[in-house]
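Engineer: Right, I'll just put the structure down here and ask away after.
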């Protein structure tokens, strides 16, 4: 199969067996670099994109995200999964409409999360959250694209780290048509195993944003897909900010040493 001609089929195939790493670029250059390093699929990051625009995470607009998706998809030949946050709407009908817009960008998959943005009630009510995933499923089916739908439960991100509730939601999202399930910020082995077992045989995505595991260990636990969220972008920002702070504070440039030659990544 030619991945360039059929990225959606390639993305489905990656989910069928084994474990693959789907790192998260934040712009066209980082996407091309990751493809050059041999990764078989990529995923966007809402935080990484927001920082390139001088905004905090969750402060980008639907139009900005759609533009970003089109640019990243056009830049690489591997499947691209979209961090589509909460679908940029609350009402399931509007979520479905926005999912169709995203599907038109050429992405191979997208995720819909259940974070509400309300500090008092940080997760959408259970029934509404399930309806939103169902709406995304219908939209994908109506689009005829067959892109991979990932259902995300954000309890461990937004201060509701209840593994039983997380599993209840992920099971419901699987029943509502999610192809892959994802609970970012779970790290304990028993939690990972419990999620994998609860939604089996559907695949599970694991966020690795700290050195708590390895690809080999995640594979042993039954994880099918690994992403890193905004952590590669944070790594880049770490180097940039430390070098800039040294210049501003000390007037020295010691971090300008043993830096990589980037041009060869892009044919220079």
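Engineer: Evaluate the following for residue 70: is it modelled with pLDDT of 95 or more, farther than 19 Å from residue 133 by Cβ and surrounded by fewer than 17 Cβ atoms within 10 Å (Cβ to Cβ)? Show your work before the answer.
Structural biologist: On the way: modelled with pLDDT of 95 or more: yes; farther than 19 Å from residue 133 by Cβ: yes; surrounded by fewer than 17 Cβ atoms within 10 Å (Cβ to Cβ): yes.
When the stated conditions are applied, residue 70 passes them.
Engineer: Given the conditions (1) part of a loop (DSSP other than H, G, I, E, B); (2) at negative phi, and given that residue 12 satisfies all but one, which numbered condition is not satisfied?
Structural biologist: The single condition residue 12 does not satisfy is (1).
Engineer: Can you name the residue in segment 82-122 that is in a strand (DSSP E or B) and out of contact with any helix residue (DSSP H, G or I) (no Cβ under 7 Å at 6 or more places or on another chain) and is also nearest to residue 41 (Cα to Cα) among such residues? So that I can check it myself, show each step before the final result.
Structural biologist: Residues of segment 82-122 that are in a strand (DSSP E or B), as a first pass: 82-83, 109-113, 115.
In the following step, the residues that additionally are out of contact with any helix residue (DSSP H, G or I) (no Cβ under 7 Å at 6 or more places or on another chain) were identified as 111, 113, 115.
Details: 111: 15, 113: 20, 115: 25 Å.
That would be 111.
Engineer: Any idea which of (1) in contact (Cβ under 8 Å) with a residue 24 or more places away in the chain; (2) more than 20 Å from residue 20 (Cβ to Cβ) is the one residue 187 doesn't satisfy?
Structural biologist: With respect to (1) in contact (Cβ under 8 Å) with a residue 24 or more places away in the chain; (2) more than 20 Å from residue 20 (Cβ to Cβ), residue 187 is out only on (2).
Engineer: OK, next. Can you say whether residue 136 is touching a residue at least 24 places away in the same chain (Cβ under 8 Å), in a helix (DSSP H, G or I) and surrounded by 23 or more Cβ atoms within 10 Å (Cβ to Cβ), as far as the supplied structure shows?
Structural biologist: On the way: touching a residue at least 24 places away in the same chain (Cβ under 8 Å): yes; in a helix (DSSP H, G or I): yes; surrounded by 23 or more Cβ atoms within 10 Å (Cβ to Cβ): yes.
It is true that residue 136 is touching a residue at least 24 places away in the same chain (Cβ under 8 Å), in a helix (DSSP H, G or I) and surrounded by 23 or more Cβ atoms within 10 Å (Cβ to Cβ).
Engineer: Hey, another quick one. How many residues, within segment 8-19, are in contact with a helix residue (DSSP H, G or I) (Cβ under 9 Å, 6 or more places away or on another chain) and either surrounded by fewer than 18 Cβ atoms within 10 Å (Cβ to Cβ) or closer than 23 Å to residue 68 by Cβ (or both)? Steps first, please.
Structural biologist: Quick first cut of segment 8-19, residues in contact with a helix residue (DSSP H, G or I) (Cβ under 9 Å, 6 or more places away or on another chain) only: 18-19.
This time we only want the ones that are either surrounded by fewer than 18 Cβ atoms within 10 Å (Cβ to Cβ) or closer than 23 Å to residue 68 by Cβ (or both), so: 18.
Residues that pass the stated criteria total 1.
Engineer: Further question: Condition test on residue 23, is it in contact (Cβ under 8 Å) with a residue 24 or more places away in the chain and touching a helix residue (DSSP H, G or I) at 6+ places or on another chain (Cβ under 7 Å)? Step through it out loud before you land on a result.
Structural biologist: Values: in contact (Cβ under 8 Å) with a residue 24 or more places away in the chain: yes; touching a helix residue (DSSP H, G or I) at 6+ places or on another chain (Cβ under 7 Å): yes.
The answer is yes for residue 23.
Engineer: Another question about this same structure. Of these, 196, 148, which one is touching a helix residue (DSSP H, G or I) at 6+ places or on another chain (Cβ under 6 Å) and surrounded by 19 or more Cβ atoms within 10 Å (Cβ to Cβ)?
Structural biologist: On the way: 196 fails: touching a helix residue (DSSP H, G or I) at 6+ places or on another chain (Cβ under 6 Å).
Exactly one residue qualifies, and that residue is 148.
Engineer: So residue 168 fits all but one of (1) within 28 Å of residue 10 (Cβ to Cβ); (2) free of Cβ contacts under 8 Å to residues at least 60 places away in the same chain; what number is the exception?
Structural biologist: Exception for residue 168: condition (1).
Engineer: Could you pull out every one of the helices (runs of 4 or more DSSP H) wholly within segment 160-268 that has 2 or more residues that are within 23 Å of residue 149 (Cβ to Cβ) and in contact with a strand residue (DSSP E or B) (Cβ under 8 Å, 6 or more places away or on another chain)?
Structural biologist: Helices (runs of 4 or more DSSP H) meeting the threshold: 163-175, 189-199.
So that you can scan it fast, the table gives a plain yes or no per residue for (1) over 15 Å from residue 111 (Cβ atoms); (2) touching a helix residue (DSSP H, G or I) at 6+ places or on another chain (Cβ under 9 Å); (3) buried (at least 19 other Cβ atoms within 10 Å of the Cβ):
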{"position": "169", "(1), (2), (3)": "no, yes, yes"}
{"position": "174", "(1), (2), (3)": "no, yes, yes"}
{"position": "181", "(1), (2), (3)": "no, yes, yes"}
{"position": "188", "(1), (2), (3)": "yes, yes, no"}
{"position": "200", "(1), (2), (3)": "yes, no, no"}
{"position": "205", "(1), (2), (3)": "no, no, yes"}
{"position": "212", "(1), (2), (3)": "yes, no, no"}
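Engineer: Just checking, how many residues over segment 20-59 are part of a loop (DSSP other than H, G, I, E, B) and surrounded by 20 or more Cβ atoms within 10 Å (Cβ to Cβ)?
Structural biologist: As a first pass, look at segment 20-59 and keep what is part of a loop (DSSP other than H, G, I, E, B): 22-27, 37-41, 44-45, 53-59.
When the remaining residues are screened for being surrounded by 20 or more Cβ atoms within 10 Å (Cβ to Cβ), the result is 22-26, 41, 44-45.
Residues that pass the stated criteria total 8.
The values are calculated or read from the model by the stated rules, or taken from the named source; none is laboratory data. Note that the coordinates shown come from a computational prediction; the quantities given were computed from them, not determined experimentally. We place every Cβ from the backbone using ideal geometry, glycine too, and count neighbours over all the protein chains shown.
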